[in-house]
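The values are calculated or read from the model by the stated rules, or taken from the named source; none is laboratory data. All figures in this text were calculated on a predicted structure; none of them were measured in a lab. When we count neighbours, we look across all protein chains shown, and the Cβ atoms used for this are built from the backbone with ideal geometry, even at glycine. For accessibility, only protein heavy atoms count, side chains too; no ligands or nucleic acids. Shrake-Rupley method; radii C 1.70, N 1.55, O 1.52, S 1.80 Å.
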Amino acid sequence: MKSKTTEEPAYGSQFIDVLKNRNTLYVAGSLTLFASLALGVALVSANAQTPHGENATSLTVEQARAIVAPLYEALNEPTKKDVPALLANATTPDYQSCSTNSDCLSRDQLAGVFTALGKIIPDLHWTIKDIWTSGNRIVVRGEATGTPTGELYGAKPTGKSFKTISIDMFTVRDDKLATAYHVENWMTATEQIK
């Protein structure tokens with residue numbers, strides 16, 4: 001008969017060992033992006049409801065594209081653009097761009113981030129691949145490409161380029177973007193340039 005006494009697994013150290021494996025981190029990052037995409041699809045698949053339970057009119061894809069266009073234009077070689085003006089054209093004065101549920105930037109702070117990215121990646125280009133709408137919400141699947149000339153999230157420039165995905169979920173108010181929740185797969189981008 002086997003003893004019921006067994007050693008407790010060292011989950012903490014196993015977890016750390018797993019995190020040291022780059023392939024596991026890549027899979028974890030990919031799963032995070034997949035979950036974000038699934039959330040976006042679920043968002044636009046649901047019927048938008050007014051407070052009284054009636055269906056709200058959804059933005060068309062063409063309307064959504066026109067609303068988000070200035071923001072994505074600001075991301076294309078941003079050091080060559082008037083980023084604050086493009087963002088002012090696309091967003092409400094109280095716009096919030098959130099990379100987590102609690103870490104959000106104002107429109108002015110976001111302009112600074114776009115400009116800083118442009119200094120690191122002079123040929124940064126962001127392409128809109130798909131747009132979904134539901135009520136006053138827009139979901140964009142985008143693709144970012146570029147060749148960093150400066151350090152990008154700890155990765156030194158090597159002359160190699162990257163191509164990665166982004167998922168942006170926007171809320172529209174008065175024909176402008178009021179909020180954004182976004183995920184970019186920078187982990188894949190940094191792996192590609194090594």
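Among the protein heavy atoms, those of residue 187 account for about 80 Å² of accessible surface (1.4 Å probe, every chain in place).
Decide, for the stretch 140-193, between rounded, prolate and oblate: order the square roots of the alpha carbon gyration tensor eigenvalues as a ≥ b ≥ c, take rounded if a/c falls under 1.5, and otherwise choose prolate if a/b is larger than b/c, else oblate. It is prolate, given that a/c is not under 1.5 and a/b is the larger ratio.
With all protein chains in place and ligands, DNA and RNA left out, the 1.4 Å accessible area ranks 138, 128 as 128, 138, largest first.
Charge tally around residue 180: other residues with Cβ under 15 Å, Lys/Arg +1 each, Asp/Glu -1 each, net 0. Computed over neighbours whose Cβ is under 14 Å from that of residue 80, the net charge equals -2, Lys and Arg +1, Asp and Glu -1. Within the assembled protein chains, the solvent-accessible surface assigned to residue 94 is about 90 Å², based on a 1.4 Å probe. Counting Lys and Arg as +1 and Asp and Glu as -1 over every other residue whose Cβ lies under 13 Å from the Cβ of residue 59, the net charge comes to +1. Once the C-beta distance of residue 79 and residue 102 is scaled by a Förster radius of 41 Å, the resulting FRET efficiency is 0.90 to the nearest 0.05.
With a Förster radius of 30 Å applied to the beta-carbon distance between residue 149 and residue 182, the computed FRET efficiency rounds to 0.80.
Checking every one of the chymotrypsin sites (Phe, Trp or Tyr not before Pro) in the stretch 145-194 against DSSP loop status and a limit of 12 other Cβ atoms within 10 Å picks out 153.
Taking all protein chains as they are arranged and a probe of 1.4 Å, the heavy atoms of residue 82 leave approximately 90 Å² accessible to solvent.
Placing one equal scatterer on every Cα of the stretch 85-177 and applying the Debye formula, the log10 ratio I(q)/I(0) at q = 0.12, 0.17, 0.23 Å⁻¹ is -0.45, -0.88, -1.34.
Sparse packing (at most 11 other Cβ atoms within 10 Å of the Cβ) combined with a DSSP loop state is found for the following GluC sites (Glu not before Pro) in the stretch 129-194: 151.
Here is the list for the stretch 128-182: trypsin sites (Lys or Arg not before Pro) lying in DSSP coil, each with at most 11 other C-beta atoms within 10 angstrom of its C-beta, are 160.
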